[in-house]
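In what follows, a single structure is set out as structure tokens and then discussed.
The values are calculated or read from the model by the stated rules, or taken from the named source; none is laboratory data. What you see is a predicted model, and the numbers here were worked out from it, not measured in a lab. Here Cβ is always computed from backbone atoms with ideal geometry, including for glycine, and neighbour counts include all displayed protein chains.
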Amino acid sequence: MYLSRRMDEKFKELFQKGYVKGTVTLSTGIEATSIGMSVPFRPGRDVLSLLHRDLGAHLVQGATPLSIMCQYLANEKSPTHGREGNVHHGNAAMRRLPMISHLGNMLSVAVGAVFGARRNGEDALGCAIIGDGGSSTGDFHESLNIASVRRVPVLFLIENNHYAYSTPTRFQYNCKKLSDRAAGYGIEGKTIDGTDVWEVYSTVCNAMEAMERDSMPRLVECLTLRLEGHAAYDKAEYVPPEERRQWLKQEPLMRARAALGGCGFDETMIASLEAQVVEEVDAVAREALQYGRPSPRTHLGPVYASSEERVSLPPFRLEKARNLSAVNAAIDYLMRCFPSACLFGQDVGVYGSAFKSCRGLYEKYGAERVMDMPLAESATTGFCLGASQTGLLPIMEFQFADFGTEAVTQLGLNAGSWYFRAGMPARLLFRLPCGGGITLGAFHSGEFEGLWSRFPGLKIFYPVTPQEMFEAIVAGFMDPNPCLVLEHKLLYGGGRQETIEFDGDYTAAYRPRKYTEGGALTVIALGAAAETVCAVVKEHNYSVEVWNPFILNPLHPDALIASVRKTGRLLVVQESGETAGMGDRIISLVCREAFDALSSPPRLVGAPDAPVPFAKELESYHIPDSARIDHEIAMMIGATSE
């Protein structure tokens, strides 16, 4: 506790001198909670998700004062290589999960990590920390619910320091105690004095013993203090003076010091310990200040994890397949080959999923591997991310791609940046049935490929044919990065392919697909639009090359650019709205790389920038049809450059 306090004081000093930048949040006043709750957990076995004021817990769990000092200074020795903020660090390999500022989103990751470890036979427990303000987030409730429903032994510990930045708790909740919320999830809850390190420690030990017995989560609220502002730049004028005076009477470090005196340590012994800590902190600061600044060439690092080895997969063959049967066959193939592969989603179990793409998998692999999850897309995504860190290979289905927007933070900011931040691959496969054409209206007909393509670290596959569908799911599953497979619903029951042939080399899937040959125009088409384009080209015998990029993020543009250089013209066709899809990005890329080869301006055919309408007549007008595509092709083939 004393080490944590002295380090905080050093951070503040270095901030005032200009050496430390950023949001310097301090742990002053919370040491009893942070250290008392972390001592019982076993580093490298149990899973901890710590917050920005849990400096002491990081020290208890194995972080060195030097590494944390370097993190605050963002120097070349920083454990995150200067990529992350002062408090946004951890050690994913040791199951101390890295923090993100979207605090509620951290909880489900811890739940999934504990679930994955226990699924693989470990006796791991978890500790997921949240503040009084963070307990207002939807992911807090989603995570508690999933942990309870799935019986995952995670201690949810609320650090209630009475203020969320400047907002007092009376504006955060209206229950008497935050631990009262535990009853709503069928679990035990308790509120304790978080300024008494001994009470925190014994309460956590008791909770761990109880979780070992019944494998149920627990909720503990620690009433603690924040004796500094939200960060070093915040003077906390919003705290009334009388309230602050009361806090100082409960100050945890002095309480612990007095208790230590009652345990046989005299003043000389305590003062000697404190002097050693002061000397250590000063020495650590001097050493950390000697290190250089991080170099972009050395420390910026890759966004995507690369495969360390290629796994040899057995060949596969399926006769007379449509896209829907290709999806089912691919998941079945993967679950048969990989016992750690598990399927998560809503209605994926007995019902077989919304579009029956998972039909029969529950009966074949059982409830331990095909799991119906609560209606909680964000927390389920975080759950899968955590499980990927402790040995499971998650496949998650969103009922509709539209519902993926519930998990934008978890997918785009947490999973997508995981390798960049934590240095650990996050092997995840997300399936998103997407697209219109079957009269489901605005909330069940989106594609959103443009949205997901804006997040670095995510890979996006958009297959068209049954062969491509099978390859996309297998390649996405095998990839060490979070992968999204967009499955156009209109194509589920589309054209039948005589045979799906897979030779086991999933790395060969990473390439654009060309459907027709020609020299007058290059058409790049996405999703169901590719089928429409191919039908138009075939009907009119146009000399056109039709391409499906297949991997939308990161794009593999070489073959596409080579085609444009050959034809001199580019038309992009997408079902998404003109500013919502990938078309503008593809055109921009081609213009940058092959502008000199263009004989006419590139054109984009897309839907209006409007939600997908419900009525069939309106939807048919909204989605680019064969007549419009035919008109654009004919006009471009006849166009000449001025």
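For this structure, a couple of remarks:
- Across region 472-493, the number of residues qualifying as part of a helix (DSSP H, G or I), in contact (Cβ under 8 Å) with a residue 60 or more places away in the chain and not hydrophobic (A, V, I, L, M, F, W, C) comes to 2.
- Test: residue in region 312-332 that is touching a helix residue (DSSP H, G or I) at 6+ places or on another chain (Cβ under 8 Å), surrounded by fewer than 20 Cβ atoms within 10 Å (Cβ to Cβ) and closer than 18 Å to S388 by Cα: no
- For region 478-505, the tally of residues that are within 29 Å of Q389 (Cα to Cα) and small (G, A, S) stands at 1.
- For region 585-612, residues that are part of a helix (DSSP H, G or I), without any contact (Cβ under 8 Å) to a residue 40 or more places away in the chain and in contact with a strand residue (DSSP E or B) (Cβ under 8 Å, 6 or more places away or on another chain) total 2.
- If the condition is being assigned to a strand (DSSP E or B) and either modelled with pLDDT of 95 or more or outside the structural domain of V109 (by TED's automatic domain parsing) (or both), then region 150-166 contributes V154, L155, F156, L157, I158, E159, N160.
- Selection count, region 173-186, where residues are surrounded by fewer than 19 Cβ atoms within 10 Å (Cβ to Cβ) and either assigned to a loop (DSSP other than H, G, I, E, B) or of a type in the set (G, A, S) (or both): 8
- Selected residue [touching a strand residue (DSSP E or B) at 6+ places or on another chain (Cβ under 9 Å) and assigned by TED's automatic domain parsing to the domain that holds R213] from V109, V60: V109
- Annotation note: Cβ proximity below 6 Å between a residue of region 287-303 that is in a helix (DSSP H, G or I) and a residue that is surrounded by 14 or more Cβ atoms within 10 Å (Cβ to Cβ) and of a type in the set (G, A, S) (sequence gap 6+ or interchain) occurs for H299/G82.
- Here region 352-385 is the region considered, the condition is being of a type in the set (S, T, N, Q) and under 17 Å from the mean Cα position of the chain (by Cα), and the residue that is nearest to V408 (Cα to Cα) is S378.
- Within region 229-250, residues that are within 21 Å of R5 (Cα to Cα) and in contact (Cβ under 8 Å) with a residue 60 or more places away in the chain sit with their Cβ atoms under 6 Å from residues that are of a type in the set (F, W, Y) and outside any helix (DSSP H, G or I), at 6+ positions apart or across chains, in these pairs: H230/Y165.
- Checked against (1) at pLDDT 95 or above; (2) in the same structural domain as L451 (by TED's automatic domain parsing); (3) closer than 27 Å to L313 by Cβ, F550 passes all but a single condition, namely (2).
- Against the conditions (1) surrounded by fewer than 23 Cβ atoms within 10 Å (Cβ to Cβ); (2) within 30 Å of S166 (Cβ to Cβ); (3) at pLDDT 95 or above, S67 satisfies every one except (2).
- A residue that is hydroxyl-bearing (S, T, Y), in a strand (DSSP E or B), under 21 Å from G29 (Cβ atoms) and touching a strand residue (DSSP E or B) at 6+ places or on another chain (Cβ under 8 Å) occurs somewhere in region 190-198.
- Region 187-213, subset surrounded by fewer than 16 Cβ atoms within 10 Å (Cβ to Cβ) and touching a residue at least 60 places away in the same chain (Cβ under 8 Å), residue farthest from R6 (Cα to Cα): E212
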